[in-house]
Amino acid sequence: PAGELLNARLAATGGANRAEEHRVAHLLAGGAAPAATRRCRADLPGLPAEEQRLVDMKVSNAFTDLVRDSGVIAAQRVAAVVRRDCSAAVVFDEGGINDVANGLIARNRLADALPVLRFNAELFPQSYLAPYFLGEALLAAGDTTGAIAAYRKSVENDEQMMDAIDRLKRLGAWPAR
């Protein structure tokens, strides 16, 4: 009996998840930009919070793919249109963009990763990770001055960011002057 009840609950949850995924896929069928701006359309009903969260996640994944496949400039152009139409649109995900840059670095494409990391640090000015990863790439590229500035921004955003503090110490730039 307990096993049957558990199986019934699992089946119901699986069915609900599939139905929600189907609704989200339908919302995204017209593309990421219209899905991103949907929340600002008064002519459409609002989505339940969980559905909106899924849409936002799928939209940010699509924009991360755009950064990876077409570059920062193309993604910025599309995002500018989206944000013009809906300033509340969720477009980019910090972790996803860091992943794009780290993938480029792993393929020995540091020069291509730098604009992606700069873009991420600009998009997420309160982040401590975006400037830290930028600092790591700048240091690898030989730009010690730029790396120090990025590490300082990381610590400014989180005074407990020990990795950035350690880098600054190794570069003779800690404590901040």
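The values are calculated or read from the model by the stated rules, or taken from the named source; none is laboratory data. Note that the structure is a prediction, hence the values are computed from the model and not measured. Here the Cβ positions follow ideal geometry from the backbone for every residue, glycine too, while neighbour counts run over all protein chains shown. We work out accessible area using only protein heavy atoms, side chains counted, and drop any ligands, DNA or RNA first. Shrake-Rupley method; radii C 1.70, N 1.55, O 1.52, S 1.80 Å.
Miscellaneous remarks
- Residue 106 vs. criteria modelled with pLDDT of 85 or more and more than 22 Å from residue 126 (Cα to Cα): yes
- Residues that are at pLDDT 90 or above, closer than 22 Å to residue 31 by Cβ and either touching a Leu at 6+ places or on another chain (Cβ under 9 Å) or part of a helix (DSSP H, G or I) (or both) occur at least once in the range 116-137.
- Failed item in (1) hydroxyl-bearing (Ser, Thr, Tyr); (2) open to solvent by less than 30 Å² (accessible area, probe 1.4 Å); (3) at pLDDT below 80, with residue 37 passing the rest: (3)
- Qualifying residue in the range 69-89 (condition: assigned to a loop (DSSP other than H, G, I, E, B), β-branched (Val, Ile, Thr), within 30 Å of residue 41 (Cβ to Cβ) and under 15 Å from the mean Cα position of the chain (by Cα)): no
- Selection count where residues are surrounded by fewer than 16 Cβ atoms within 10 Å (Cβ to Cβ) and within 24 Å of residue 77 (Cβ to Cβ), scope the range 113-139: 3
- Residue in the range 43-52 that is of a type in the set (Gly, Ala, Ser) and under 23 Å from residue 131 (Cβ atoms) present: no
- Checked against the criteria, residue 151 does not count as modelled with pLDDT of 95 or more, touching a Ser or Thr at 6+ places or on another chain (Cβ under 7 Å) and not in a loop (DSSP other than H, G, I, E, B).
- Every residue from the range 1-34 that is under 27 Å from the mean Cα position of the chain (by Cα), modelled with pLDDT of 65 or more and assigned to a helix (DSSP H, G or I): 32, 33, 34
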